[in-house]
Each structure stands twice: as C-alpha cells, then as structure tokens.
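Comments concern the structure below.
Only the coordinates and a few stated rules stand behind these numbers; no lab work does. Since the structure is predicted, the reported quantities are computational estimates derived from the model, not experimental observations. Here Cβ is always computed from backbone atoms with ideal geometry, including for glycine, and neighbour counts include all displayed protein chains.
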Amino acid sequence: MQGVIDGMSRALFLCAYADRQEELAEDDPTVHVASHGEDWNDIAPETPMDAIQEACILYGHIESQNNLNMACLLARACKVDGVEFPPSHTYEEEFGHYLAMMCLGHGVSWFDDHARFDIEIPHFEYHID
C-alpha cells in the first residue's frame with residue numbers, strides 16, 4: 001500500500017505548504033506562490049519525512065475508523081470501479097490523495113470521479129510550522 005502512503009503524504013504536504021506560502025506572501029511579495037496556471041505539485045519541494053510520518057498516522061486512523069485494513073478498503077474501491085486488484089501504483093496514489101483531502105475537509109472527494117462504497121472518513125489536520 002505504498003502508493004496510498006505516497007498519495008496521502010503528498011496531499012498533506014501540498015495543502016500545508018500552499019497555506020504557509022500564501023500566508024508568508026502576504027508580508028513578503030518575493031515568496032513564490034502558485035499562480036497563472038502553476039501547479040503546487042510542480043513548485044513545492046520534495047515531500048518531507050514529517051508529512052510521510054503523518055500520512056502513516058492518518059492511514060492508521062482510517063483503518064481504525066473503518067475496522068478494516070487499507071488493502072480491504074482499496075479492494076472495495078477497485079471492485080466498485082471495475083479495476084483489477086491489486087491496482088496500479090497510480091491508482092493507489094490517487095486513492096491516498098483523495099482520502100487525505102477528504103480527511104482534511106478540502107471539499108474534493110474520491111467519489112467525485114469514482115463509484116461510491118462505504119467508508120468512514122476521520123477528520124485530520126496537518127500544518128507546517
């Protein structure tokens with residue numbers, strides 16, 4: 001389930017990084033923020049170990065909340081989407097990304113582009129100091 005962790009950690013980091021950069025830019029116009037079609041994923045640095053560790057914690061919270069391991073949750077997603085299990089790393093990453101975004105409350109969901117299945121989504125926060 002490395003792809004799920006990869007997607008979660010990058011989503012956690014990019015959200016926190018973008019928030020921090022935008023706050024810094026309010027006082028310092030030289031701080032680079034994504035604009036004119038730029039993607040935060042392209043301008044942000046590599047995902048730090050702290051975000052990866054937090055993604056592992058979130059991963060555990062999701063498993064605990066659902067009383068299922070992540071492989072079972074991912075298998076459910078694959079089944080309703082008609083995707084062979086185990087899925088590609090890209091599918092796993094996307095799954096992790098959208099789970100993290102849902103847990104952060106960002107208003108985007110796995111279910112925006114994928115079939116629904118039962119899953120409980122815990123609330124989670126991640127910030128850069």
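So here's what we get for this one:
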read-out	value
For the stretch 77-84, Karplus couplings with θ = phi - 60° (6.51, -1.76, 1.60), whole Hz, Gly/Pro x	4, 4, 4, 6, 8, x, 9, 5
The stretch 9-84: projected area of the alpha-carbon convex hull, averaged over directions, in nm²	7.3
Gained length - residue 65 relative to residue 20, 0.36 nm times residue gap less alpha-carbon distance	13.3 nm
Nitroxide proxy distance, nm - points 7 Å out along Cα→Cβ at residue 38 and residue 57	2.9
Binned Cα-Cα distances of the stretch 64-129, short to long, each 10 Å bin given as a whole percent	20, 55, 22, 3, 0
With Cα atoms, 0 to 90° folded angle of helix 89-104 axis to the chain main axis	70
Full-stretch length increase - residue 112, residue 46 - with 0.36 nm per residue and alpha-carbon distance subtracted	21.1 nm
Computed helical MRE - 222 nm, the chain, DSSP H runs ≥ 4 contributing -39500 (n - 2.57), nearest 500	-19500 deg cm²/dmol
